[in-house]
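Values in this text are rule-based calculations from the coordinates and carry no lab data. For clarity, every value in this text was computed on a predicted model and none was experimentally measured. Cβ: placed from backbone, ideal geometry, glycine included. Neighbour counts: every protein chain shown.
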Amino acid sequence: MLTYIIRRILYSIPVLVATSFLIFTFVSISGDPLGRLRANPNITEQQFHSIEHSKNLDRPIVVRYGYWVKDAVTNQFGTTLFGQRKIWPDLKRVMGHTLQFVLTAIILSVLIGVSIGVYSALRQYSVFDYTTTTISFIGFATPVFWLALMLQVVVVNIFLKWHVRVFYTSGLSSPFPGHGIHWFVDRVQHLALPVIALCILGVAGYSRYMRASMLEVLNSDFVRTARAKGLIERRVIMKHAFRNALIPLITLVALDFGAIFAGAIVTETIFTLDGMGFYFINALQASDPYPVMAWLMVVATMVIVFNLIADILYGVFDPRIRYD
Amino acid sequence: MTDQPRVHDPNASGLILGPDVNLDVPAGGGQMVDRAVPGDSAAQYEYGLEIEARSQWGYARRRFMRHRLAVASVVVLACIFGAGIFANYIAPYSYKEIPYVTIAGTSVIDTSQILAHPSRQHLFGTDSAGRDTFSRTLYGIRTSARVGIFVGLLSTLIGTIIGGLAGFYGGWSDNLLMRMTDLFLTLPLLAVLLTASKFLDSSTPTTLAILIACLIWTSIARIVRGVFLSLREKEYVEAARAAGAGDLRIMLRHMIPNSVGPIVVAATLTIGTAIALEATLSFLGFGIRPPTPALGALLDEGQEAGLDKWWLVTYPGLLIVLIILCINFIGDGLRDALDPTQRRVRA
Amino acid sequence: MPEPLLSIRDLVVEFSTEDGVVQAVDGISYDLYPGETLGIVGESGSGKSVSTMSLLGLIPQPPGKVVRGEAIFKGIDLLKISKKELRHIRGNEIALIFQDPMTSLNPVLKIGAQIDEAIRTHHPEEKNDQIKERSIELLRTVGVPNPDRRYEQYPHEFSGGMRQRAMIAMSIANSPSVLIADEPTTALDVTIQAQILQVLKKAQDETHAATILITHDLGLIAELADRVVVMYAGKVVELGDVHTIFETPRHPYTVGLMESLPKLNADDDWLRPIPGQPPSLISRPPGCPFHPRCFLSQGRLRCREEEPPLRPIGGSSHLTACHFAEELEGHTGPLVESVGAGV
C-alpha cells in the first residue's frame, strides 16, 4: 500500500511541473501584457524598453518561465503587472472563502446524490425513480449560471412581494455579522444559494452514476452468492452491493473537482462573493497575466492533490488496485 | 446457418454498426411476419425456427424509435433550431428594433414599452430599451445553433483523427496523447476558455466556436482511442492485414465504421456542452460581443435590468435548458440505438 | 426406498422478456434422496439452473415468476414459505456452489471474512475467533494450502481452482443436507477440473449431503452421479440411475447427447452432433419439444401433436418422455465402457 502511495506522489510531480510550464506558455503567448503600454503615446520608446527589461519580458520564453517559477516559490507569486499588488495574500484570502462553499457543495452533492442513486436503484421504475431521473436530466441541461440567476430571481421576488429574506443574494457576509453562532448563521444565509447552485449539477451526476453502478452490481454473481448464503437483504445491499458500487464514484468525484472551480467562477460572479472565481474574472478583465497564471497554478495544484487523495482512497476501498 | 460477418462483403454498404452482430435470430416461430423491416431478406423457414437477416441501419432505427423521449426531442429541437434559422421570417420584431412613437411630430423612443411584462405583442416581454425579448431570443438561438454544430463537427474531426491515430498505433503516440489529455483535465475548462478568449479574439461565433473546439476535442479523442485500441485486436483486422491491406485502408474500412456509434453519441453531447459554454461565456462578457445576438448576452443584460424583471432572465434561459435537454435525450436515444455493447439500464 | 429429501412436482417458472413470456421451466418433477448425487444434464437454456435457483428463491421476481409447482423439503414447501424462513434454509440446509468463482466472490472482501459470514449468519451466537478457526479448518478440508495465510487474502490473489475450493468451503460451512453444484468445473481449466471433482467428493463424504450436480458434461455425470435427470427445453425427458441411462438410454435426445461425444476408441471421421437448434422457449410448437431434431420421430404425427408424458419404461425407476421409446430397445449406450471404469 505504501509503495502505491509513493508511486502516485512521484507521478504527480512531473505532472505538476508540466502543467506549470503549460500554464505559463499558454498565458504568455496568448496575450501581450504590455500591449496597453505599447499603445500609450505618452511612453517613450526608451521608457518602454526599460520597463520591458525590468520585467524580463525581452528574454526568451524558457528564461521567463524560470523567472516566474523562482518568483512563485520565493516571492509568493510576486506582484501584479499593473498596480504592483502582492498576489499571494489576496489569493490566499479568496481561496479560503471559495473552499468554504466549494467543499460544502461537494460533500452535500455526494451525500445527496449517492443516497438518491442507491434508492433509485433499489426502487427501479418507481415514481421516485422516474421523478429523480427526470430532475437529473433537467439538472444536466441547466447551465450553472442560469440556475444561479433563477435562484436569485426567486429569492428577490419573494423578498419584494412578501418582505421575507430567505437567503442573501450577494456578498459573503452582512456588514456587521456578529460573532460565533451569529456569524455562522449569517455566513450560511449568504452561501446557501451559491452552494445550492453548485450542488444541483453534482447531485444530478452522482445520482445517475450511482444508480447505474448499483444496478450493475446488484446483478452480479457475488451478490447472488451473498443471497444464497442466507444473508438478510439489508446486509446484502449495504455490505456487498453498495461497497462495490461506490468505488468508481471516487474517481468521478475526483475528476469533477476541477469542474467545480469552473462553477465557482460563475457563481461567485453572480453572487458577488469575494472568492477565487471573482478574483479570476477581475484579473482577466484587467488583462493582468500574473495573477491569472498564479490562479491557474494554484487551481492545478489543488486538482492534482485532490486526485492524489482520490487515488489513495481508491486503493483503500479496492484491494485489487494496491498491488499494481 | 452460417454466420459470415458482413465486413468482408464487397457489396455491403460499408457502414456497419457492430462487428459481431449480424444475423438476428428472433424468438418465436410464426410471429415474425409483422416485424419484417422493408429491404430485409427472410432466410429459410423451419418449424419453430425463423431466422431473419435484418440490416444494421434498420435495427438502429428501430431502437431509436423506441426511445420516445429521443424522438420527441428531435421534433422539439427541429422546431427550435428551425425557428432560429428562419428568425428573419418568424421574428415579429428585429433584433435591434427599438419602438418609436411620434409625439408632436418627432420620433421619440416609446418609453411605455420599456421593461414591459410578457404580453400578446411581446411574448417574452421587453428589455430596458424596449426591444422585444422574444425576437432577440430567436436570433440568439440561431447563433447558439451555429456555434454548437460547428464545435460538434470540428471537435469530432480533430478528436477522431488524433484519438484514432493514438489508438491505432499505440506506443509513444498513445502515451503522449494520454498525458496531454490528462494535463487538460487538471485545469477547469471554463478557466482556460476564459483566459483564451480574453487574450485571443473570440467575439464572433466562428472564432469562438474554433476556440471551444480546440479545447473540447479531448473527450472525443479518448473515446475513439478506446474503441480503436479494442478493435485493433479483433480477428478481422488481422485477417485484413494478412490479406495485404494497408494501415489507412484498415482504419477507414474497418475501424471507423465500427466506431461510428460512440462517436456520434459523443459528438451529439458535445454540441450541448458547446452551447452551454457559449452561453456562459457570453453571459460573463467574454464570448460573443454585440451586436451579434447571443442568448448569454441577453441574460447578462436581463440581470443588469434588475431581478424583479424576471421575464428577461427566465425565458431565454428556459430555452437554453430546453435545447440542451433535447440534445441530451437525443444523445441518449442514439446511444441506445447505436451502441448495443453498452449495457444500458433504461432511464 | 427411503423418503425423498426433496420432492419437486410440476414446477413451472416463467420470465417476461421484451419479446414475450419465456417458459424456462415447463412442468418438471423429480426427487432427491438423502446422500445420493443427482446429476442434471442438459444444454444451455434447458432450464436446469433455473429449476434449482427457484427452489431457494434466487430468481429475480420480476421478470421471473414461479407460476406453479411445489418443492417439498423436509416437510415444507420451499415455494410457499416466507422470505425469512427461506433465508434460514439458504446456506444452511441447502447450499449452492456457483459456476464462475471469479465473479461469484466479492472482490473487496477477504476470503476469510466471506467464509466467516456464511457461518455467522446462521450461528450468530458463536464467538469471532471460534468462527475464524472453523473457516481456516474448512479451507484446510478443501485442500487450500497455508489456510491461515490464505484466510487474510483477497479473491484476486487466489487462482481459479483455489477460488472454487473456497466457494465449496463456504457452502459446506454449515453442514447442509443438500448441496447444489451448478456447473462447478465449467469455468476452470481441464487439469483443475479433476482436482475440484476430488474436492467435491470429499465435501460430500464429510457432510453426507445429498448433491444435485448440474452440468452439461457427461463425463462428470459418469464420475459422480448416482441418478441422472436429462432436461431439454425446460422439461425432463429422461430420468433414471446412471448405469441405466448410460447403458440403455431410452430417449432420442439422450442417445444423441452420447453419440455427439468424440470417442477415442472409435474410428469416426466426423463428429455426430444433434442437428438443428434448441427451440425458442417463447412459443413452443405443440407436441414433443424435441421432435424437429429427432431421428426417431421422422415426422410422425403423434410426435408433432401430442406432448409425450414422462412415463416408466423397463422398470419403475427409469422414466422417459418419448412416445416411441420402445423402439430404442436393444440400443446400447455408446459410452458403456467409460461408465464401467469410472463409477
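Around the amide H of C:Val228, modelled in the peptide plane, lie the amide H atoms of C:Gly39, C:Gly240, C:Asp241, C:Val242, all under 5 Å away and 5 or more residues distant in sequence or on another chain. When peptides B:64-74, C:37-47 are sorted by average Cβ neighbour count within 10 Å, with the highest value leading, the order is C:37-47, B:64-74.
Summing Cβ point charges (Lys, Arg +1; Asp, Glu -1) relative to the Cα centre of segment B:180-339 gives a dipole of roughly 480 debye.
By the rule of a C-alpha distance below 29 Å, with chain neighbours fewer than 8 residues away ignored, the lysines paired with A:Lys86 are A:Lys55, A:Lys70, B:Lys198.
With viscosity set to 0.890 mPa s at 25 °C, what whole-number translational diffusion coefficient in µm²/s follows for segment C:1-60 from Stokes-Einstein and a Kirkwood radius over Cα pairs? In µm²/s, the coefficient is 192. Of the GluC sites (Glu not before Pro) found in segment C:92-189, those in coil by DSSP whose Cβ has at most 11 other Cβ atoms within 10 Å are C:Glu125, C:Glu152. All alpha carbon pair distances within the protein assembly as shown were sorted into 10 Å bins beginning at 0; the resulting P(r) in whole percents reads 2, 9, 15, 18, 18, 15, 10, 7, 4, 2, 0, 0, 0. Shielding value for B:278-286 is 4, the average number of Cβ atoms from other chains within 10 Å of each residue's Cβ.
Computed from point charges on the beta carbon alone (+1 for Lys and Arg, -1 for Asp and Glu), the dipole magnitude for the protein assembly as shown about its Cα centre is near 3100 Debye.
Taken residue by residue and averaged, Cβ atoms of other chains lying within 10 Å of the Cβ of A:228-239 number 6. Distance between the pseudo-spin-label points of C:Asp10 and B:Thr106 (7 Å out from Cα toward the beta carbon): 10.1 nm.
Here r is the Cβ-Cβ distance between C:His216 and A:Ser115 and R0 is 51 Å; the resulting FRET efficiency, rounded to 0.05, is 0.70. Charge tally around B:Leu190: other residues with Cβ under 15 Å, Lys/Arg +1 each, Asp/Glu -1 each, net -2.
Restriction of the trypsin sites (Lys or Arg not before Pro) in segment C:119-187 to DSSP coil positions whose beta-carbon has at most 15 other beta-carbons within 10 angstrom yields C:Lys127. Distances between placed amide hydrogens fall under 5 Å for C:Gly27 paired with C:Leu11, C:Val12, C:Val13, all partners being 5 or more residues away or on another chain. Put a plus charge on the Cβ of each Lys and Arg, a minus charge on the Cβ of each Asp and Glu, and nothing anywhere else: the dipole of chain A about its Cα centre is then about 900 debye. Taking amide hydrogens as placed 1.01 Å from N in the peptide plane, the amide H of C:Ile180 sits under 5 Å from those of C:Ala95, C:Leu96, C:Ile97, C:Ile212, each at least 5 positions away in sequence or on another chain. Cβ-Cβ distance of A:Trp162 and B:Tyr89, R₀ of 51 Å, FRET efficiency by 1/(1 + (r/R0)^6): the value works out to about 0.70.
Taking a ≥ b ≥ c as the square roots of the Cα gyration tensor eigenvalues, chain A comes out oblate, since a/c reaches at least 1.5 and a/b does not exceed b/c.
For the pair C:Lys127 and A:Ala18, label points projected 7 Å from Cα toward Cβ lie 5.6 nm apart.
Beyond a 27 Å Cα-Cα separation, which of these cross-linked pairs lie in this structure: A:Lys239/C:Lys132; A:Lys229/C:Lys202; C:Lys202/C:Lys235; B:Lys234/C:Lys235; A:Lys229/C:Lys127? The pairs that break the limit, which is 27 Å between Cα atoms, are C:Lys202/C:Lys235; B:Lys234/C:Lys235.
When C:Val242, A:Val62 are sorted by how many other C-beta atoms sit within 10 angstrom of their C-beta, beginning with the fewest, the order is A:Val62, C:Val242. In terms of surrounding Cβ atoms within a 10 Å radius of their Cβ, C:Ser280, C:Ser171, B:Ser203, B:Ser219 rank from fewest to most as B:Ser203, B:Ser219, C:Ser280, C:Ser171. The modelled label-to-label distance for the pair C:Lys201/C:Ser82, using points 7 Å beyond Cα in the direction of Cβ, is 4.4 nm.
What's the average, rounded to a whole number, of partner chain beta-carbon atoms within 10 Å of each residue's beta-carbon in A:217-226? Mean shielding count: 6. Considering only A:Thr98, C:Val41, C:Pro60, and ranking their Cα positions along the charge dipole of the protein assembly as shown that arises from unit charges at the beta-carbon of Lys, Arg, Asp and Glu, the one farthest toward the positive end is A:Thr98.
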